[in-house]
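Chemist: A single structure is presented below for examination.
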Amino acid sequence: MKYTETAATQRANRRFINRSMTTALPSREREFDLARRWRENEDVEALHELVTAYARLVIKIAGKFRHYGLPMSDLVQEGNIGLLQAATRFEPEREIRFSTYASWWIRSAMQDFVLRNWSIVRTGTTAAQKALFFNLRRIRAKYAREMEGWLSDESKYKIAHEMRVKKTDVDEMEKRLSTGDQSLNAPVSDLGEDEWLGFLADGGPTPEDMVISARDGATRSAWLAEALGELSEREQTIVRERRLREKPITLEALGHQLGISKERVRQIEHKALGKLRTSMMARCGESAAA
């Protein structure tokens, strides 16, 4: 999937990058102070200074994801979200630099964005598969050189072992990375007369199946109406209220309506359903014999 940016967007990106790269980095003591002010007092000015100072970190990491064909501006935007998450969760008392902590959140946000948008088909559902997606090109290059440009099954097994995934995952991911998404509306040949969409099998019911299903449904409805007619008036009322309504009435409410106990309603319902089942089976047998 290939994205393009307008000239205006590219100019805005360059201005943002130039401004971010010239912003001075805070000292260790200053960044700890800013982080505490934001976490303890929700000081927005402190948060703004902190994330502005480390916007260059977002740009640096975004550059490593550009080969996936996504706009740099979108990568930076996702990275900024990760940077804000890092600023919110950062704990200065742990005595680590904010840049070290923020890098993980920025990278994670960008990876999730790439996985969501690199293809219309979802890619990498487990942590191991995500790692395979982002590392297969590098690992494949190492084994491909050893095997003179192609991967043998042995090499794929080695990659699978190294990445802690199945060999089938390596096979599938290699296919995904070697070919991009293809439109179903693309022509099959240079003549442009047929599209790939026209060759896909329809998994839905055929017209014949729909006619048969409609006929069978009508037959079952007629059998049910006849079977209900064989029940007493009270049995019909209980079956309709308990089994044929969208929201069945409770045994207690129906018993109150009929002037009997809810246990008696349950007994009549059980007996009536047995009669219906026997009657429907008999009609089915007669239909099969005919």
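No value in this document is a laboratory result; all are computed from the given coordinates. Every value quoted in this text rests on a predicted model; they were computed, and no experiment measured them. Cβ sites come from the backbone with ideal geometry, for glycine too, and all protein chains shown count toward neighbours.
Chemist: Once phi is turned into ³J(HN,Hα) by the Karplus curve 6.51 cos²θ - 1.76 cosθ + 1.60 with θ = phi - 60°, what whole-Hz value does each residue of region 164-169 show in order, with x for glycine and proline?
Modeler: 6, 10, 7, 4, 4, 5
Chemist: Modelled label-to-label distance, Arg245 and Ala282, 7 Å Cα→beta-carbon offset: nm?
Modeler: 2.9
Chemist: Let me ask another. What are the radius of gyration and Dmax of region 207-289, computed over its Cα atoms and given in Å?
Modeler: Computed over the Cα atoms of region 207-289, radius of gyration and Dmax are 15.4, 50 Å.
Chemist: Give a quick list of trypsin sites (Lys or Arg not before Pro) in region 51-122 that DSSP marks as loop, anything other than H, G, I, E or B, with at most 15 other Cβ atoms within 10 Å.
Modeler: Filter output for region 51-122: Lys64, Arg97, Arg122.
Chemist: At a 10 angstrom cut-off on C-beta neighbours, averaged per residue, how do the peptides 38-45, 222-229, 76-83 rank from highest to lowest?
Modeler: Working: 38-45: 12.5, 222-229: 14.0, 76-83: 21.1.
Averaged packing, sorted descending, gives the order 76-83, 222-229, 38-45.
Chemist: So between Ala8 and Lys64, what do we pick up on full extension, going 0.36 nm a residue minus the alpha carbon distance? Provide the component values of the computation, followed by the final result.
Modeler: On the way: separation 56, 0.36 × 56 = 20.16 nm, distance 2.29 nm.
Net length gain for the segment: 17.9 nm.
Chemist: Another question about this same structure. Between Trp104 and Glu226, what length comes free when the chain is fully extended (0.36 nm per residue of separation minus the Cα-Cα distance, one decimal in nm)?
Modeler: 37.0 nm
Chemist: Where does the charge balance sit around Ala282 when Lys and Arg score +1, Asp and Glu -1, over other residues with C-beta under 12 Å from its C-beta?
Modeler: Net charge in that neighbourhood comes out at 0.
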